[in-house]
Amino acid sequence: MGVKYEFDKTRMEFRKVTHSVWAVLGKAVKYFLVTASLAVVYYVVFSFVISTDSERKLKRENQMYRQMYRDLADREELVGDVLEGLKAKDDEIYRRLFNSDAPDLGGIYSNALLSGVDTIPDRLIVEYYRTKLDTLAKVAGRVDANFKRIMEVLSDSNADIPPMTNPLKDFSYARTGASLGEKINPFYKVKVLHGGLDLISQQGEEVVAAADGVVEDVTHSSKGLGNVVTIYHGNGYRTRYAHLENTRVSKGMKVLRGQRIGQVGMSGNSFAPHLHYEVMKDTLRMDPLNYLFASVGPDDYMRMLFMSVNAGQSMD
């Protein structure tokens, strides 16, 4: 490379051009900044102005997911309102039937439901919740229809309500004996058909009617089921109260739910003081435990089921 000269106007002469280190560094920095700025400009142009096929596809998917999310949010709000309405109706029915609020059985979902959500594709999550919401909406519709039917029955003063009250007041689950099925007879030590539910109690405890009805029969005997009261509740439902110490009603008498009909005893073939309680629908013997869930809490009801199933021997 040849030597360069420049004209010095002050001295009116030519002199050799020299470059300092700082001047060279300054020019290098300027070139670097210009290059970096151009690179940023190009990146912005290609990122926000010019889109590739993949980017356009992703944008369309994002728009679709945003719309689906808004739709699902609206439907979730609708289902929530429906569930709140069903809960209010449930409480109203429990108060009218059982004089208490409906039991709270906890949340629908477990805490670990979304533990692995970060590993699931968005498409599968959206599809999953859309299916769940559809199912909930259908279930809510069926439950709402059932509630309407129940409210119609309750509103009808002539409707016959099944016997759903425990005939012993202040009953504890620990006093649950054998229920319907084959049980060992305490006298003969062989398995025989046990036709009802043994409610263990102290002698003389008050026995009440499980529902409104008419006394169909009153039997006094020293054998078999002993002193027995049978009440017809309408719609094919009958309840039978056996091994009573005494009876306080007569045949043809109208009784109300919770009205005293006798006392617990050991009349007939009874191993110990208890109430032998039966529920019948037409000619079929029903498991009385299926009609006592309204008289106890959910936990006690599960314990009663467990004890009745595992009781191998009856009390009569």
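Laboratory data are not the source of any read-out in this text; all were calculated from the coordinates shown. If you're wondering where the values come from, they're calculated on a predicted model, not measured in any experiment. Cβ sites come from the backbone with ideal geometry, for glycine too, and all protein chains shown count toward neighbours.
Pairs Lys189/Lys223; Lys89/Lys169; Lys251/Lys281: which are spaced more than 24 Å apart, C-alpha to C-alpha?
Lys89/Lys169
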Going by average Cβ density within 10 Å per residue, which order do the peptides 212-219, 292-299, 133-140 take, highest to lowest? 212-219, 292-299, 133-140
List the trypsin sites (Lys or Arg not before Pro) within the stretch 197-268 that fall in a DSSP loop (any state other than H, G, I, E or B) and whose Cβ has at most 13 other Cβ atoms within 10 Å. Lys223, Lys251
Backbone N under 13 Å from the Arg248 label point (7 Å along Cα→Cβ), restricted to the stretch 190-229: 204-210
At 7 Å along the Cα-to-beta-carbon direction for both Ser221 and Ala23, put a label point, then send me their distance in nm to one decimal. 13.0
Rounded to the nearest 20 Debye, what is the dipole magnitude of the stretch 218-273 about its Cα centre when Lys and Arg each give +1 and Asp and Glu each give -1 at the C-beta? 220
So, relative contact order of the stretch 173-310 in percent, Cα under 8 Å, 6 or more apart, is 29
Cβ-Cβ FRET estimate between Leu38 and Thr10, R0 fixed at 30 Å, reported to 0.05: 0.15
Given the C-alpha centroids of the stretch 163-189 and the stretch 215-271, what is the distance between them in whole angstrom? 16
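Show me the three semi-axes of the equivalent ellipsoid for the stretch 146-277, from the C-alpha gyration tensor (sqrt of 5 times each eigenvalue), largest first, rounded to whole Å. Each step should come with its number before you reach the end.
On the way: eigenvalues 150, 58, 37 Å².
Result for the stretch 146-277: semi-axes of 27, 17, 14 Å.
How much FRET efficiency would the formula 1/(1 + (r/R0)^6) give for Arg142 and Ser172, where r is the Cβ-Cβ distance and R0 is 30 Å, rounded to 0.05?
0.25
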For the stretch 269-274, Karplus couplings with θ = phi - 60° (6.51, -1.76, 1.60), whole Hz, Gly/Pro x: 8, 10, 6, 7, x, 6
Just to verify a number: FRET efficiency for Leu83 and Asp299, C-beta to C-beta distance, R0 = 25 Å, to 0.05? 0.60
Say each of Val45 and Glu76 gets a label point 7 Å from the Cα, pointing the same way as Cα to Cβ; how far apart are those two points in nm? 4.4
Using only C-alpha positions, report the orientation-averaged shadow area of the convex hull of the stretch 247-297, nm², one decimal. 5.3
Derived scalar couplings ³J(HN,Hα) [the stretch 28-42; Karplus, 6.51 cos²θ - 1.76 cosθ + 1.60; whole Hz; x for Gly, Pro]: 5, 5, 4, 4, 5, 5, 4, 5, 5, 4, 5, 5, 5, 4, 4
Arrange the peptides 171-180, 270-279 so that the one whose residues have, on average, the most other Cβ atoms within 10 Å appears first. 270-279, 171-180
With θ set to phi - 60° and the Karplus curve 6.51 cos²θ - 1.76 cosθ + 1.60, what are the ³J(HN,Hα) couplings of the stretch 249-257 in order, to the nearest whole Hz, using x for Gly and Pro? 10, 10, 4, x, 7, 7, 10, 10, 4
How large is the dipole of the stretch 173-310 about the Cα centre if only Lys and Arg carry +1 and Asp and Glu carry -1, each at its Cβ, rounded to the nearest 20 debye? 240
